[in-house]
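Asker: Questions regarding the structure given below will be posed in turn.
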Amino acid sequence: MSHPNVRVFENPQQLAEAAAEVFAKETARSIRETGRFAVALAGGSTPKRTYELLATEYGEKDLDWGKVHIFFGDERTVPPNHEDSNYLMAHEVLLSHIRVGSTHRMRGELDSWEAAALYEEELVGFFGGPPRFDLILLGIGEDGHTASLFPRTPALGARDRWVVENRVEKLGTLRLTLTVPAINAARKVIFLVAGEGKAEALKEILECHADPYDYPAKLIRPASGPVWMADRTAALLLD
């Protein structure tokens, strides 16, 4: 396999262990260089195991959690105690077990335009200007979406915003999401991809010439290049 930015693991557990290790290394590096670590978490089942490992295997002796600042890449338009909430998942498996410096959730219970504007304001306040995350964790869907940047949706065209509401017609819903410019400004972006269901999309994103508006993860091109961490079944179709 000739993809320098792709790391393949035998199974989802090994993937999660490696992702937790990278998270820890990036945290230590960032705190050493800038005194803090700002990370945007992904929702979904693949990163969930990574968060569980961080909560159980990386205590205060391993990581300076008090200097870690947690943000989110996207959110459903639901309250924080709703079973579909990305925040709730992260809270249950990670944030309720450790004490971080701060947690910044997207307010999915508000009108979506207001929630997007408030989160954008919060980002600019925290970063003192345009956001530049130390790390953004992402996944992909079988349709090639990432965060809540779905194929052929309005958010893909956002150029002067950091957070927007995004109408996803095929799901009949509104989502809140970081924009492509906000993600591409990050120092490091890591995609975590597991399962045979993602194999076709992963091949399209990495090896084919499909329109990025059909496979939005192709739009994620930070200066350092995204790092792809996949299990063997997800990487099955890669040359």
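Read the figures in this text as sums done on the coordinates, not as results from a lab. Worth saying up front: this structure is predicted, and the values here are computed from it rather than measured. Please note: Cβ atoms are built from the backbone with ideal geometry, for glycine as well, and neighbour counts cover all protein chains shown.
Asker: Which residues, counting only those in the range 41-50, are part of a helix (DSSP H, G or I) and over 15 Å from E21 (Cβ atoms)?
Answerer: Answer for the range 41-50, where residues must be part of a helix (DSSP H, G or I) and over 15 Å from E21 (Cβ atoms): S45, T46, K48.
Asker: I'm trying to understand the selection: among the residues of the range 113-149, which are part of a helix (DSSP H, G or I) and under 29 Å from E204 (Cβ atoms)?
Answerer: Keep residues of the range 113-149 that are part of a helix (DSSP H, G or I), which gives 113-127.
Scanning the range 113-149 gives a single hit, A116.
Asker: Take S112 and tell me if it is buried (at least 19 other Cβ atoms within 10 Å of the Cβ), closer than 24 Å to T46 by Cβ and among the polar types (S, T, N, Q).
Answerer: No, not satisfied.
Asker: Next question. Scan (1) surrounded by 22 or more Cβ atoms within 10 Å (Cβ to Cβ); (2) of a type outside the set (D, E, K, R); (3) farther than 23 Å from F23 by Cα for the single condition F133 breaks and write down its number.
Answerer: (3)
Asker: Right, next: Please enumerate the residues belonging to the range 72-87 that are without any contact (Cβ under 8 Å) to a residue 60 or more places away in the chain and buried (at least 20 other Cβ atoms within 10 Å of the Cβ).
Answerer: Correct list: F72, S85, N86, Y87.
Asker: Further question: Mind checking which pairs have a first residue in the range 181-209 that is closer than 20 Å to L156 by Cβ and a second that is surrounded by fewer than 19 Cβ atoms within 10 Å (Cβ to Cβ) and among the aromatic types (F, W, Y), Cβ under 6 Å, 6 or more apart or different chains?
Answerer: Sorted first by the residue in the range 181-209, then by its partner, the list stays empty.
Per-residue answers, yes or no, for (1) buried (at least 16 other Cβ atoms within 10 Å of the Cβ); (2) assigned to a helix (DSSP H, G or I); (3) under 18 Å from the mean Cα position of the chain (by Cα):
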{"position": "V8", "(1), (2), (3)": "yes, no, no"}
{"position": "A20", "(1), (2), (3)": "yes, yes, yes"}
{"position": "F23", "(1), (2), (3)": "yes, yes, yes"}
{"position": "V39", "(1), (2), (3)": "yes, no, yes"}
{"position": "E52", "(1), (2), (3)": "yes, yes, yes"}
{"position": "E60", "(1), (2), (3)": "no, no, no"}
